[in-house]
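Take a look at the following structure, please.
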Amino acid sequence: MPPVKDIGERDILAPGDIEALVMDVFLRAGLSPDSAVPVARSILSAETAGLRRLGLGLVPHMVEHLRCGRVNAAATPRMVDSASAALTVEADGGFPCPAVAIGLETLCDRALAHGIAVLSVRNAYPVGAGRLFLDHCAARGLVGFANVAGLVARAAPNGSMVLEVEQRQLGLTQASPMMQSRVVPDRGSDSPIPFEGPLGPAFRLHHSFVAVRTALWHHAPDPPVAVQNSGIAVSPVLLEKIINA
C-alpha cells in the first residue's frame, strides 16, 4: 500500500508532464488528437497562470461532459464564413479551443492588415481561461480581447464553490465601456445554464474573439505568467481524480 499523503502535501509536476497527462486523459475519453492537443495546451496555460479552477480543476468536469454527451467528442470544427476582417468557425458542439486554433493565425494576420479583426465561434463549450488566445495576440504585437460564454466560480448555498456559465470578458479592464456582463439563459428561461454534473442541455454557446493592432488600443494586455522551472504543485486528490476520470 502506498504511503498516505498529508492533506497539505502536493505532487510537483513539470509543465510537459501536465500537458501529457491531460492529453492522455482526453484521448482515453474519446477526443480526437486534433482536438486534444489545443485542449491540453489551454489547460496547461491556465494552470501555469495560477488559474487552478480553470486549469486541472476543470478537467474532471470536461471529461464527464464528454462521456455524457453535453459536449461532442467527435466534433469537427470548420471555417464556415470569412470576410476581410471577420471570420466564423462552426465548433460542431465541441470544445472552443480547437475552433479558435483553426482561425487564430488568420485572425491575427487580418488584424495586422486591417487594424482589427473578429473571430466568431459558434456552438461550442464554455470558455475557461482563454490565456492562450490573449498571449498569442500579444506575441504577434496585437491586443486581444473577447466576449465569451465563460465560467465563473460562485459560492453555493452549502458554502462550497461551483462553476457557472456567464457572459464574461477577457483582456478588458473594468474601465472598458463595452461588453457588459449578463447571464446566459437556458433556452429562453431566466436561469443560467447549469455547468457542473451530467444533467442539463448540450453546450452550444457562442464566443467572439477580437484582435486589434496595439497602436489602435490603449489597454495593454496582461503579461504572460512565466512557468517556474521548479514545476507546478498539484493536489494528489485532484491528480487521482484526473487520472481516473
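The values are calculated or read from the model by the stated rules, or taken from the named source; none is laboratory data. Here the structure is a predicted model, which is why all the values come from computation and not from measurement. In this analysis, Cβ positions are derived from the backbone assuming ideal geometry, glycine residues included, and neighbour counts consider all displayed protein chains. Protein only, heavy atoms only, side chains kept; ligands, DNA and RNA dropped before computing areas. Shrake-Rupley method; radii C 1.70, N 1.55, O 1.52, S 1.80 Å.
With +1 on the Cβ of every Lys and Arg and -1 on the Cβ of every Asp and Glu, and nothing else charged, how large is the dipole of the range 61-138 about its Cα centre, in debye rounded to the nearest 20? Before the final figure, lay out the partial values.
Numbers: 6 positive and 7 negative charges, 35 e Å.
Charge dipole of the range 61-138: 180 debye, to the nearest 20.
Does the range 1-115 classify as rounded, prolate or oblate by the C-alpha gyration tensor (a ≥ b ≥ c root eigenvalues; a/c under 1.5 gives rounded; else a/b over b/c gives prolate, otherwise oblate)?
prolate
What list of ³J(HN,Hα) couplings, whole Hz, do you get for the range 49-64 from phi and the Karplus terms 6.51, -1.76, 1.60, once you set θ to phi - 60° and write x for glycine and proline?
7, x, 8, 4, 5, 9, x, 4, x, 8, 4, x, 5, 5, 5, 4
Run the simple label-point estimate for ASN244 and ARG78 please: 7 Å along Cα→C-beta, distance reported in nm.
4.1
Taking the solvent-accessible surface of protein heavy atoms with a 1.4 Å probe, what is the per residue accessible area of the range 1-95 in Å²? Walk me through the intermediate numbers first.
Working: 4510 Å² over 95 residues.
Accessible area per residue, the range 1-95: 47 Å².
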